[in-house]
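Asks: A single structure is presented below for examination.
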Amino acid sequence: MKILSALHLSVLSAVVGLTACSNTQNSSKEGLASNSQNSSQASTATTKTAKTVAITAIVEHPSLDAIRQGVIDEIEAQGYEQGKNLTVNFQSAQGNTATVGQISKQFVADNPDVIVALSTPSAQSMAVASKDIPIVYTAVSNPVAAKLIDSNNKPTQANITGLSSQLPLAPQLDFMQQIMPNVKSIGYVYSAGEMNASSLKNDLNAELPKRGLKLVEMPTNRPNEIGMATKALDGKAQIIYTSMDNNVASAMESMVESANTLKLPIIASDEFSVRRGAAAALGVNDYDFGRATGKMVVKILDGTPVTQVPPAVMNDLTLYVSPKHAQLQGLTFSDTVLQKAVNVDTTPVTTHGKAK
């Protein structure tokens, strides 16, 4: 309807993904072009100085994995090749906050050329650990609340920059009210220890009363609590909203199992949550987000001072839906919604327009 059309929700990636393999007439020419391109990239790789990139994440789940792959692919697309002039060291904290600190100390000791911190906890820990090594944060929803940048978009320390996904809250709420016009209460299962999740809780508490809506909070501390916290929404909430919460993302299947039992639709903010069981998500494409982050990393690897790579925000929204999952959660999408969305039930996983 009006709200969704104003968002310019893109289905281009799905269209390209469906047609990418349709033309085989010029396969011989394409093969020659591909060989030429590969030779050109190999030549470029030999002219680049060898670099090391350290990547850390609070936990591994499909959304963060797609961002990480996008970062690496963009670096390699710009003339760096693992095994030749690029070393990538990835470390996951597996959701353990103590391990986050240990990884940060190890990375400082290793002294890589650039550190990429995926997620708010990892970025905050790296910022404390190093004031010298360039740090590029990504998958951070509110870098101001995380004290990585100030309200004027200036980094709080000279070695930090990054890309944030400050998804506007209004379109999320508009969408929930569109698909469930009689909604009065929104359930929010969140990680009490994650700055991004707590910050979103505060934003929801500020905005929902303006719409006559109530927030039902269910704080958790560990992924194994997500399922039970979701069950506790029974009779209290009519829909569930989750966004950029790493504990929830790592235990999405547990949330989905409980939500299906209670017939509570889950609205998320990333494609992979929908593929794993959520009814819908309004957010950025994770892989493209990683590619954009990778461009910032390459600038620094190529010699641009981190102070000359300003922090940026990526918030182009795409609507992902799963009519199958929505039905399990007691929700049916209108034709209007389906026409504006990428239906994950009928489209393959896509990365930058290519089927994966």
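Asks: In nm, to one decimal, how far is the modelled label at ASP316 from the one at LYS105, with both set 7 Å along Cα→Cβ?
Replies: My value for the distance between the label points is 4.2 nm.
Asks: In 10 Å bins starting at zero, report the fraction of Cα pairs in the range 111-161 per bin as a rounded %.
Replies: Here the calculated profile for the range 111-161 is 29, 61, 9.
Asks: Using a Gaussian network model of the chain with C-alpha springs under 10 Å, which one of ASP245, ASP288, ASP110 is most mobile by mean-square fluctuation?
Replies: Result for the chain, Cα springs under 10 Å: ASP110 fluctuates most.
Asks: Let me know the Kirkwood hydrodynamic radius for the range 188-318, please, with Cα pairs as the basis and the value in Å to one decimal.
Replies: 16.2 Å is the Kirkwood radius here.
Asks: Once you keep just the Cα pairs under 8 angstrom separated by 6 or more residues, what percentage relative contact order results for the range 105-182?
Replies: Reported as a whole number, the value is 26 percent.
Asks: At a Förster radius of 22 Å, what calculated FRET efficiency corresponds to the Cβ-Cβ distance of LYS263 and ASP203, to the nearest 0.05?
Replies: Calculated transfer efficiency: 0.25.
Asks: What is the Å³ per residue value for the convex hull set by the Cα atoms of the range 242-313?
Replies: Each residue corresponds to 89 Å³ of Cα convex hull volume.
Asks: Could you work out which residue, out of LYS48, LYS210, LYS105, moves most in a Gaussian network model of the chain, that is, has the largest mean-square fluctuation with Cα springs under 10 Å?
Replies: LYS210
Asks: Could you tell me the extents of the range 175-264's C-alpha atoms along the three principal axes, largest first, rounded to whole Å?
Replies: In descending order, the Cα extents are 32, 30, 19 Å.
Asks: Hey, another quick one. Could you give the length gained on full extension between LYS236 and THR332, defined as 0.36 nm per residue of separation minus the Cα-Cα distance, in nm?
Replies: Length gained, LYS236 through THR332: 32.5 nm.
Asks: Moving to a separate point now. Given a cut-off of 26 Å, name the pairs among LYS131/LYS295; LYS84/LYS154; LYS154/LYS214; LYS147/LYS201; LYS84/LYS147 whose C-alpha atoms lie farther apart than that in the structure shown.
Replies: LYS84/LYS154; LYS154/LYS214; LYS84/LYS147
Asks: Let me ask something additional. Give the accessible area for ILE72 in Å² (nearest 10); use a 1.4 Å probe, count only protein heavy atoms, and leave out ligands, DNA and RNA.
Replies: 20
Asks: While we're here: Suppose R0 equals 45 Å; then what is the FRET efficiency for LYS184 and ALA98 from their Cβ-Cβ distance, rounded to the nearest 0.05?
Replies: With R0 = 45 Å, the Cβ-Cβ based efficiency is 0.65.
Asks: Taking a threshold of 24 Å on the Cα-Cα distance, which of the pairs LYS236/LYS263; LYS48/LYS299; LYS210/LYS340 fall above it?
Replies: Pairs exceeding the cut-off: LYS210/LYS340.
Asks: Find out how many positive minus negative residues lie around LEU264, taking Lys and Arg as positive, Asp and Glu as negative, among other residues whose Cβ is under 11 Å from that of LEU264.
Replies: Overall, the nearby charge balance is +2.
Asks: Something else about it: Percent antiparallel among DSSP beta bridges with both residues in the chain, to the nearest 5?
Replies: 15
Asks: Largest first and in whole Å, what are the equivalent-ellipsoid semi-axes of the range 79-144 based on the Cα gyration tensor, each being the root of 5 times an eigenvalue?
Replies: Output for the range 79-144: semi-axes of 20, 14, 12 Å.
Asks: What does the helix-only formula give at 222 nm for the chain: each DSSP H stretch with n ≥ 4 adding -39500 (n - 2.57), the total divided by the residues, and the result rounded to the nearest 500 deg cm²/dmol?
Replies: The helix-only estimate for the chain comes to -12500 deg cm²/dmol at 222 nm.
Asks: Against the 2.2 N^0.38 Å scaling, with N counting residues, where does the chain land? I'd like the Cα-based Rg ratio to two decimal places.
Replies: 1.02
Asks: Moving on. Counting residues in the range 282-340 as N, plug N into 2.2 N^0.38 Å and put the Cα Rg over that result.
Replies: 1.76
Asks: Find the relative contact order for the chain and round it to a whole percent, using C-alpha pairs within less than 8 Å whose residues are 6+ positions apart.
Replies: 22
Asks: Out of every Cα-Cα pair in the range 66-211, what percent are more than 17 Å apart?
Replies: Roughly 67 percent, once rounded to a whole number.
The values are calculated or read from the model by the stated rules, or taken from the named source; none is laboratory data. All values reported here derive from a predicted model rather than from experimental measurement. No Cβ is skipped: glycine too gets one built from the backbone with ideal geometry, and neighbour counts run over all protein chains shown. These accessible areas exclude ligands, DNA and RNA; they are computed on the full protein's heavy atoms, side chains included. Shrake-Rupley method; radii C 1.70, N 1.55, O 1.52, S 1.80 Å.
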